[in-house]
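Peer 1: Okay, here's the structure, questions in a sec.
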Amino acid sequence: MAEAFFESMVRDLPVEVSSAGILELGSGRAVPEAIDACKPLGHNLKKHRSTPLSETDLSSADLVIGFERQHIDAAIARAGADRSRAFLITEAVQLLGRLPTPAEHGDDPIGQARSRVVEIAVLRGSHEESSSLEIQDPKRQPAPDYDELAVYLRRLCHLLAARLFGHQVIVLDPPEASKKGRKKGALLRKLRDG
């Protein structure tokens, strides 16, 4: 879900977004609950196929995001991610929020984002992430609410994109969103970091 959300928010930038799973299950489809939860938000996960972390090289990744501490540990140990560029998504959003707001239309949004990753690594210092910042895998929760998780992840991805790149992130509310009390039709909204 997060890959689809983030990728749609930075599609106008030269950014490569990918995801990998820590379980060695081979290439698999998204779970039906995730597909259903993302559809009203304008994302079709039916074509998504998972990639095992063991088939991924993260040694040159500018930023590695995980939901749980075990994701970060696995990315470092098994895929060569640089610890200084690996964060829980909630941690990265929180630390980026402590930095001054980035320029909205800077000449080099990629360079700016890379600099901001270095800055949040310094802010984090030796502080280890709190387990309260983790987003548990819904498969391990007694009654997972994929709809709620999808909305939460979309918001985190929006904040991450806005705080990294400094541009206004455009979110398209699909017609299905009208079922939840919004105006009919697609609404194009420019969302500011907030």
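The values are calculated or read from the model by the stated rules, or taken from the named source; none is laboratory data. Remember, it's a predicted structure, so these values are computed and weren't measured experimentally. All Cβ positions, even for glycine, are placed from backbone atoms using ideal geometry, and neighbour counts span all protein chains on display.
Peer 1: Only one of (1) closer than 25 Å to L133 by Cα; (2) touching a strand residue (DSSP E or B) at 6+ places or on another chain (Cβ under 8 Å); (3) not in a helix (DSSP H, G or I) is not met by R98, so which one is it?
Peer 2: So the condition that R98 fails would be (2).
Peer 1: Out of the residues in the range 68-96 meeting the condition of being in contact with a Ser or Thr (Cβ under 8 Å, 6 or more places away or on another chain) and buried (at least 20 other Cβ atoms within 10 Å of the Cβ), tell me which one is nearest to S115 (Cα to Cα).
Peer 2: A81
Peer 1: Among the numbered criteria (1) crowded, with 18+ Cβ neighbours inside 10 Å; (2) in contact (Cβ under 8 Å) with a residue 60 or more places away in the chain, which single criterion is violated by T101?
Peer 2: Failing condition for T101: (1).
Peer 1: Does the range 46-53 contain at least one residue that is free of Cβ contacts under 8 Å to residues at least 24 places away in the same chain and either more than 13 Å from E3 (Cβ to Cβ) or buried (at least 20 other Cβ atoms within 10 Å of the Cβ) (or both)? Walk me through it before giving the result.
Peer 2: The initial filter retains those residues of the range 46-53 that are free of Cβ contacts under 8 Å to residues at least 24 places away in the same chain, namely 46-47, 49.
Remaining after also requiring either more than 13 Å from E3 (Cβ to Cβ) or buried (at least 20 other Cβ atoms within 10 Å of the Cβ) (or both): 46.
Within the range 46-53 (the criterion being free of Cβ contacts under 8 Å to residues at least 24 places away in the same chain and either more than 13 Å from E3 (Cβ to Cβ) or buried (at least 20 other Cβ atoms within 10 Å of the Cβ) (or both)), the answer is yes, since at least one residue qualifies.
Peer 1: Name the residues in the range 101-130 that are under 18 Å from the mean Cα position of the chain (by Cα) and either modelled with pLDDT under 75 or part of a loop (DSSP other than H, G, I, E, B) (or both), would you?
Peer 2: Of everything in the range 101-130, just one residue is under 18 Å from the mean Cα position of the chain (by Cα) and either modelled with pLDDT under 75 or part of a loop (DSSP other than H, G, I, E, B) (or both), namely E129.
Peer 1: For A77, all conditions in the list (1) modelled with pLDDT of 85 or more; (2) under 17 Å from the mean Cα position of the chain (by Cα) hold save one; what is the number of the exception?
Peer 2: (2)
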